[in-house]
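Below you'll find the structure, written out as structure tokens, and then a few comments.
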Amino acid sequence: MTEKNKAVLVAVHLPDATDAEHLASLAELERLVSTLGYQTVARISQKRDALSSATVVGEGKLKELAAITGGTGHVGTTAPQKKDKARLKREGAEVDDDEDEDEQDADSDADSEIALVAVDHDLTPSQARNLERAVGTSVLDRTGVIVEIFHRHAKSREARLQVEIARLKYTAPRMRESPSGREKQQGRGAGEAALELDRRKIRDRIKELEEELEVIAKDQDERRQHRKDARRVALVGYTNAGKSSLMRALTGSQVLVEDKLFATLDTTVRALHPEVKPRILVSDTVGFIKKLPHDLVASFKSTLDEAKEATLLLHVVDASDPTFESQYAVTREVLAEIGASDVPARLVLNKCDCITAEAREALERRYPDAFFCSARLPEDVARLRAHIIAFFEDRYVDAEVLVPYDRQAVVARMHDEAKVVSQDYREDGVLVVLRGDADTVARLRRGLE
């Protein structure tokens with residue numbers, strides 16, 4: 001078994017966070033880092049009124065962190081010292097010997113080095129640079145970790161484009177000048193700095209990707225337009241709450257199910273199984289998380305539109321997670337951000353097989369209107385399926401429509417788009433008694449005009 005790279009977590013306990021919230025956030029960061037393939041070997045935490053503007057943590061904690069990572073603990077410059085020719089001649093071979101020895105030491109310790117320092121806060125570019133100089137290894141803030149996970153898990157062309165845009169927007173302000181400070185004599189104006197040239201290339205690349213994504217988004221909009229009259233249920237919620245497991249159970253589809261954060265980045269749409277008439281479509285959406293980077297929300301707008309345009313949202317939460325209430329709040333915040341807060345919703349407390357009977361009773365008293373289930377239990381899935389069907393049927397109206405014999409295609413549409421109760425063949429046509437939502441019944445009537 002391949003040994004995982006090692007990581008150290010860093011967090012500041014700010015006054016607006018309780019002890020439980022602080023520990024939960026650190027635990028979540030550890031899961032994020034684990035999803036990237038790192039093993040957390042240490043945590044550095046400090047109580048402060050505010051983040052240090054230079055290095056997030058104070059000088060003492062910085063030295064403690066550096067002792068673990070093998071860094072100097074000091075914020076210096078990464079630029080090499082310039083030496084004149086006379087000084088180089090004086091130092092001569094001694095300098096070369098020292099350098100070789102340092103390189104050998106670095107190589108011999110490479111296996112035990114810390115590969116990543118993950119910080120549970122958003123870092124400014126200068127904070128990230130200062131920390132890297134002090135600890136001597138790679139530093140990623142919470143946003144950087146999430147963006148990297150999205151980059152690795154993106155499968156479809158649309159998801160890869162969305163993630164690359166977010167990644168470039170994250171990278172651009174964090175680019176730094178080369179240590180020598182040289183300039184490339186090229187670009188729009190003579191003497192354009194290499195850093196500005198690279199940033200301009202990133203801006204151009206982002207524009208190119210956004211144009212490509214817009215084409216795909218239009219195609220997705222057309223597909224959603226074709227499904228606009230369908231009954232649509234969207235599963236939304238915190239990452240790893242069990243949405244994909246429920247999707248698989250409700251639709252009989254082979255969607256990816258993994259115990260990882262952000263295993264699902266692409267929206268999957270399948271029909272409720274066994275099928276009902278009219279059909280009900282179920283979609284699985286990208287999971288949410290605390291401090292979800294704004295650029296990722298913006299990039300995944302077309303994917304999240306699936307939730308905004310649904311008839312019913314099922315807020316799936318992990319009932320066994322002690323922080324599920326704050327996770328539920330995050331889901332509602334993101335839905336409000338994308339304009340989906342007015343869509344009818346039901347709370348689904350999943351993974352109820354992982355909690356005690358006493359805990360379930362307490363939750364049932366607290367959330368009397370919620371649906372309690374486990375995606376692993378077929379009887380729970382069957383009850384949820386019935387619950388979904390009942391939601392739509394409660395909105396149905398009864399109607400009688402006389403369909404002339406030369407318009408029998410409309411009867412076929414009625415069977416597809418509504419629930420036909422009876423058909424009475426008369427001299428002047430077929431009298432169809434049906435149940436369906438008001439818009440569908442009105443549309444079918446217009447089809448006979």
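The values are calculated or read from the model by the stated rules, or taken from the named source; none is laboratory data. Predicted model, so just to flag it, every value in this text is computed and none were measured. Quick reminder, even Gly has a Cβ in these numbers, built from the backbone with ideal geometry, and neighbours come from all protein chains shown.
Taking the conditions exactly as written (of a type in the set (Val, Ile, Thr), in contact with a helix residue (DSSP H, G or I) (Cβ under 8 Å, 6 or more places away or on another chain) and outside the structural domain of residue 273 (by TED's automatic domain parsing)), does residue 441 satisfy them or not?
Working: of a type in the set (Val, Ile, Thr): yes; in contact with a helix residue (DSSP H, G or I) (Cβ under 8 Å, 6 or more places away or on another chain): no; outside the structural domain of residue 273 (by TED's automatic domain parsing): yes.
Here the answer is no, as residue 441 does not meet what is asked.
What is the one condition in (1) of a type in the set (A, V, I, L, M, F, W, C); (2) out of contact with any Lys or Arg (no Cβ under 9 Å at 6 or more places or on another chain); (3) assigned to a helix (DSSP H, G or I) that residue 54 does not satisfy?
Tallying (1) of a type in the set (A, V, I, L, M, F, W, C); (2) out of contact with any Lys or Arg (no Cβ under 9 Å at 6 or more places or on another chain); (3) assigned to a helix (DSSP H, G or I), residue 54 fails exactly one: (3).
Listed residues 407, 360, 435; which is assigned by TED's automatic domain parsing to the domain that holds residue 315 and either farther than 25 Å from residue 274 by Cα or touching an Asp or Glu at 6+ places or on another chain (Cβ under 8 Å) (or both)?
Details: 407 fails: assigned by TED's automatic domain parsing to the domain that holds residue 315; 435 fails: assigned by TED's automatic domain parsing to the domain that holds residue 315.
After ruling out the rest, the residue left standing is 360.
Find the residue count for segment 234-267, including only residues that are at pLDDT 65 or above, assigned to a loop (DSSP other than H, G, I, E, B), under 25 Å from residue 325 (Cβ atoms) and not β-branched (Val, Ile, Thr). Reasoning before the result, please.
So the first thing to find is which residues in segment 234-267 are at pLDDT 65 or above, and the list is 234-254, 267.
Checking which are assigned to a loop (DSSP other than H, G, I, E, B) leaves us with 239-242, 252-254, 267.
This time we only want the ones that are under 25 Å from residue 325 (Cβ atoms), so: 239-242.
When the remaining residues are screened for being not β-branched (Val, Ile, Thr), the result is 240-242.
Number satisfying all stated conditions: 3.
Limited to segment 370-386, what total is found for residues that are in contact with a strand residue (DSSP E or B) (Cβ under 9 Å, 6 or more places away or on another chain) and at pLDDT below 95?
Looking only at that region, the number is 1.
For segment 16-30, name all the residues that are buried (at least 16 other Cβ atoms within 10 Å of the Cβ) and among the charged types (D, E, K, R).
If the condition is that a residue be buried (at least 16 other Cβ atoms within 10 Å of the Cβ) and among the charged types (D, E, K, R), then 28, 30 are the ones that fit.
Can you name the number of the only condition in (1) more than 20 Å from residue 373 (Cβ to Cβ); (2) modelled with pLDDT of 85 or more; (3) polar (S, T, N, Q); (4) in contact with a strand residue (DSSP E or B) (Cβ under 6 Å, 6 or more places away or on another chain) that residue 326 fails?
The number of the failed condition is (4).
Could you check how many residues of segment 32-43 are part of a helix (DSSP H, G or I) and crowded, with 17+ Cβ neighbours inside 10 Å?
3
If you check residue 69 against the conditions, is it under 24 Å from the mean Cα position of the chain (by Cα), farther than 18 Å from residue 122 by Cβ, surrounded by 15 or more Cβ atoms within 10 Å (Cβ to Cβ) and polar (S, T, N, Q)? It would help to see each step written out before you state the result.
Working: under 24 Å from the mean Cα position of the chain (by Cα): no; farther than 18 Å from residue 122 by Cβ: yes; surrounded by 15 or more Cβ atoms within 10 Å (Cβ to Cβ): yes; polar (S, T, N, Q): yes.
No: the conditions fail for residue 69.
Could you run through segment 133-147 and say how many residues are under 19 Å from residue 59 (Cα atoms) and touching a residue at least 40 places away in the same chain (Cβ under 8 Å)?
The number of residues fulfilling the criteria is 5.
A quick yes/no check of all residues on (1) of a type in the set (A, V, I, L, M); (2) modelled with pLDDT under 90; (3) buried (at least 20 other Cβ atoms within 10 Å of the Cβ):
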position: 127; (1), (2), (3): no, no, yes
position: 134; (1), (2), (3): yes, no, yes
position: 139; (1), (2), (3): yes, no, yes
position: 142; (1), (2), (3): no, no, yes
position: 146; (1), (2), (3): yes, yes, yes
position: 149; (1), (2), (3): yes, yes, yes
position: 157; (1), (2), (3): no, yes, no
position: 165; (1), (2), (3): yes, yes, yes
